[in-house]
1. Specify the residue that is farthest from Gly128 (Cα to Cα); the eligible residues are those in the range 169-187 that are open to solvent by 10 Å² or more (accessible area, probe 1.4 Å) and in contact with a Phe, Trp or Tyr (Cβ under 9 Å, 6 or more places away or on another chain).
2. Can you tell me which residue is surrounded by the fewest Cβ atoms within 10 Å (Cβ to Cβ) among those in the range 245-272 that are touching a strand residue (DSSP E or B) at 6+ places or on another chain (Cβ under 7 Å) and not in a helix (DSSP H, G or I)?
3. Give Leu384, Leu374 a once-over and let me know the one that is touching a residue at least 60 places away in the same chain (Cβ under 8 Å), aliphatic (A, V, I, L, M) and open to solvent by less than 10 Å² (accessible area, probe 1.4 Å).
4. Return the pairs, sorted by first residue and then second, in which the second residue is of a type in the set (A, V, I, L, M), the first residue lies in the range 88-100 and is assigned to a helix (DSSP H, G or I), the beta carbons are less than 9 Å apart, and the residues are 6+ apart or on different chains.
5. Answer yes or no: is there a residue in the range 216-225 that is under 21 Å from the mean Cα position of the chain (by Cα) and farther than 21 Å from Leu153 by Cα.
6. Please go through the range 362-380 and pick out each residue that is at pLDDT below 95 and outside any helix (DSSP H, G or I).
7. Does Phe354 count as in contact with a strand residue (DSSP E or B) (Cβ under 6 Å, 6 or more places away or on another chain), at negative phi and not β-branched (Val, Ile, Thr)?
8. Which ranges mark the strands (runs of 3 or more DSSP E) fully within the range 27-86 that have 1 or more residues being more than 28 Å from the chain's Cα centre (by Cα) and under 17 Å from Asn5 (Cβ atoms)?
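The values are calculated or read from the model by the stated rules, or taken from the named source; none is laboratory data. What you are looking at is a predicted structure, and each value in this text was computed from that prediction instead of being measured. Every residue, glycine among them, receives a Cβ derived from its backbone with ideal geometry; neighbour counts consider all protein chains shown. Remember, those area values only see protein heavy atoms, side chains included, never the ligands or the DNA or RNA. Shrake-Rupley method; radii C 1.70, N 1.55, O 1.52, S 1.80 Å.
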Amino acid sequence: MVKINSVDAGSPADRAGILSGDCLISISGNPIKDVLDYMFYAAEEFLELEVERSGEILKFSIRKGEYDDLGLQFETFLMDGKQSCRNKCVFCFIDQMPPGMRDTLYFKDDDARLSFLQGNYVTLTNLGQSDIDRIIKMKLNINVSVHTTNPELRCKMMNNRFAGEKLKYIRQLAENGIKLNCQVVCCPKLNDGDELRRTLTDLGELMPNITSMAVVPVGLTKFREGLYPLEVFTKEGAAETIDIIEEFQAVFLEKFGTRTVFPSDEFFLIAERELPPMEYYEDFSQYENGVGMLRSLIDEFEKALEIAEWEGGERFVSIATGYAPYSIISMLAKSAEDRFPKLKCRVYRIRNDFFGHTINVTGLITGQDLTAQLKNKALGDELLISTAMLRRECSDFLDDMTVAEAEKELNIKIKSVDNDGYELLDAILGIEY
């Protein structure tokens, strides 16, 4: 039973006489406990709603267009609270953050509903058999943080004695036609090497319902006192991991017509290997896991440069980026300068003093590191940064410094740019639409 916060005026629920403050009990005989139940059972054209009002049970018959919204609003999007993580993974980034940051950064989400609704990855350790049955009944695809298919090792890596036995859910879901995207956070001397081979072998047995897999390297900050002793990937270790993944890609490609498993861009940067061509990444199914982002950026930028027309005057612009993609961003900037002689584009790599120097991705650059290292530098007409540095739909960095504060500190206009080659070139040239 879920309390109705408000009813949209003129909606099917409003016309039926349902009021804010009523509590939704069931739809067509199916109990409603959260947003998944509501979305699934409210999709039909003919509905029987049971609600509780001031202790009285009322029934309403509603006819609407299939998939049309009923018009009920609830206090939260999920209709109850988020499910927090029950694990204490040895590689968890949240456990490696300094104290004193905003509370939301310390919340460990492991909510399967957000996997369906927002693409989040979940470990399945929060789920029971009834949850799995519901997923199968609703035919909901899911994103799973696997990390290893060795039960004992999974328990060790997640510090959860149930983590190993929950692996059975992956097989159960796949065998019932549920499509799964999987990810592996790879840790040297823990779940790499032969353990990674085992994981890819086991998941390969469930194809084609394992639709994609991403392998990403562990990220380690300087705040690891008292935590499990992990190591960062070396150049040699990253190269070996790529080789293992590509062994399996060859097998999957021959058997299923798809590579399925992909290393994240970071592995190629650490191994100092050239990024693969666009076709390597197929449909970019693991893009949000950092798989193919840089290749996509490069190819888009090169295509944009081919068709670009710019007759602007002298322009000097700067770009701030992390250490990892610095060489690639510098290459793109140089190609733009070569194409347009009146353009000057300077790229600055920002050292991550906040989280530690082993963190070299752009998305974890803080406002204080950005401003401290660019203070009194020649920044030109405008400073470009990646939107990955900012909170989603917000204008502040991880350390709560706002873009406006950074602009004031550096005395320059800052423009955030998506990971899109066309948008990046437009920003470099100062083209506005």
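1. Going through the qualifying residues, I end up with Val185.
2. Among those residues, the one meeting the criterion is Ser264.
3. Leu384
4. These pairs meet every condition: Ile94/Leu105; Asp95/Leu227; Gln96/Leu220; Gln96/Leu227.
5. Yes, because at least one residue in the range 216-225 is under 21 Å from the mean Cα position of the chain (by Cα) and farther than 21 Å from Leu153 by Cα.
6. Once the filter is applied, which keeps residues that are at pLDDT below 95 and outside any helix (DSSP H, G or I), the range 362-380 yields only Asn376.
7. Judged against the criteria, Phe354 is not a match.
8. Qualifying strands (runs of 3 or more DSSP E): 46-53, 72-74.
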